[in-house]
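What follows is a short report on a single structure.
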Amino acid sequence: MKHEWIKVFSPATIGNIGPGFDVLGLAVKGWGDTVEARRAPAGVVISAITSAQPLSKDPRRNTAGIAAKLILDLLGVKGGLELKLRKGLPIGSGLGSSAASAAAGAFAANYLYHGGLTKEQLILPATKAEETVSGGFFADNTAPALLGGATLTRSCVPLDITRIGSIRKLHIVLVTPNIVVLTRHARQILPASVPMKDFVYNMANTALITAAFAKNDYSLFARSLHDVVVEPVRAHLIKGFAQVKEAALQAGADGVAISGSGPTVFAITDNIRKARFIEQQMVMAFIEHGVKSRSIVTSVDAEGTRLID
Ligand code: HSE
């Protein structure tokens, strides 16, 4: 049975959820990466990649391959794995693309070798795999990708993650412009220090977003989706960002922020019809800046990485 192919899906994630830089993360439905895997005699081989962008099949340079190898080593098994990766998430999109592949690779390796590791135990290897491409060690994409819902990272070393919960009424509009922002670069431009008043403002909003997801409280989330520290520094990486944000707010969004390190922008509402209008207006605003985008109206993925048929 376990020599057959299995298929693992890992969802897109919104790193930071606005003000919670490197701390908050949220899994969303609809978009994600898929890894098909089966046991192989030795080592990790990536035999196929379906992706709109060129991507190395070298398992040492691909987060799915790196994470799978880390799990095999951790379990101390002699066998290997063959992987086929289908990228649903564009690279450099701010949707946790590297993390989704890493989470799916780690999950597949653990499952096929009866590793018995919990999803929580897969977070560290998946995060290490992501570190090789992102240039930073943070779990605000890998943790929600694996666990589903919203997650909070208290500390990376040692890793201390808490799953917070979900907000049922929340509709999320994701708009991914046709621009590549590499997380590595988007981190290099961050300031070395932050004014105390900005620190307090972002800390308060981060704490309240945590409470909102714990209490399933949409209105508290909507009031707290403000980032005065990182967004102003990264906004210029996203052509038309200010106008897209304004278009979403004018269309009735209750909050707008950059997803992860961008360029994906997300807006929130508790009204599905409004969500479709907000989506249209955001896409139009990008077009007015000569930027094509793809978009989706979605909601929280409470399940995280999982086997699919
Ligand atoms: N917390 C990371 C960052 C997420 O903003 O750099 C990257 O998706």
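The values are calculated or read from the model by the stated rules, or taken from the named source; none is laboratory data. Note that the structure is a prediction, hence the values are computed from the model and not measured. In this analysis, Cβ positions are derived from the backbone assuming ideal geometry, glycine residues included, and neighbour counts consider all displayed protein chains. All accessible areas refer to the heavy atoms of the entire protein, side chains included, with ligands and DNA or RNA removed. Shrake-Rupley method; radii C 1.70, N 1.55, O 1.52, S 1.80 Å.
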With respect to Ala285, determine if the residue is buried (at least 22 other Cβ atoms within 10 Å of the Cβ) and more than 21 Å from Thr13 (Cα to Cα).
yes
The lone condition Pro90 fails out of (1) within 16 Å of the ligand (Cβ to nearest atom); (2) open to solvent by less than 30 Å² (accessible area, probe 1.4 Å) is (2)
Scanning region 12-53 residue by residue, those in a loop (DSSP other than H, G, I, E, B) and aromatic (Phe, Trp, Tyr) turn out to be Phe21
Filtering region 54-86 down to residues that are polar (S, T, N, Q) and either open to solvent by 50 Å² or more (accessible area, probe 1.4 Å) or not in a loop (DSSP other than H, G, I, E, B) (or both) yields Thr63
Query - Boolean, Ser261 is buried (at least 19 other Cβ atoms within 10 Å of the Cβ) and touching a residue at least 60 places away in the same chain (Cβ under 8 Å) - result: yes
| request: Considering every residue within region 231-238, establish whether at least one is within 19 Å of the chain's Cα centre (by Cα), within 15 Å of the ligand (Cβ to nearest atom), under 18 Å from His289 (Cβ atoms) and open to solvent by less than 10 Å² (accessible area, probe 1.4 Å). | output: yes
For region 34-57, pairs from a residue that is assigned by TED's automatic domain parsing to the domain that holds Leu112 to a residue that is open to solvent by 70 Å² or more (accessible area, probe 1.4 Å) and hydrophobic (A, V, I, L, M, F, W, C), with Cβ under 6 Å and 6 or more apart or across chains, are Glu36/Trp5; Arg38/Trp5
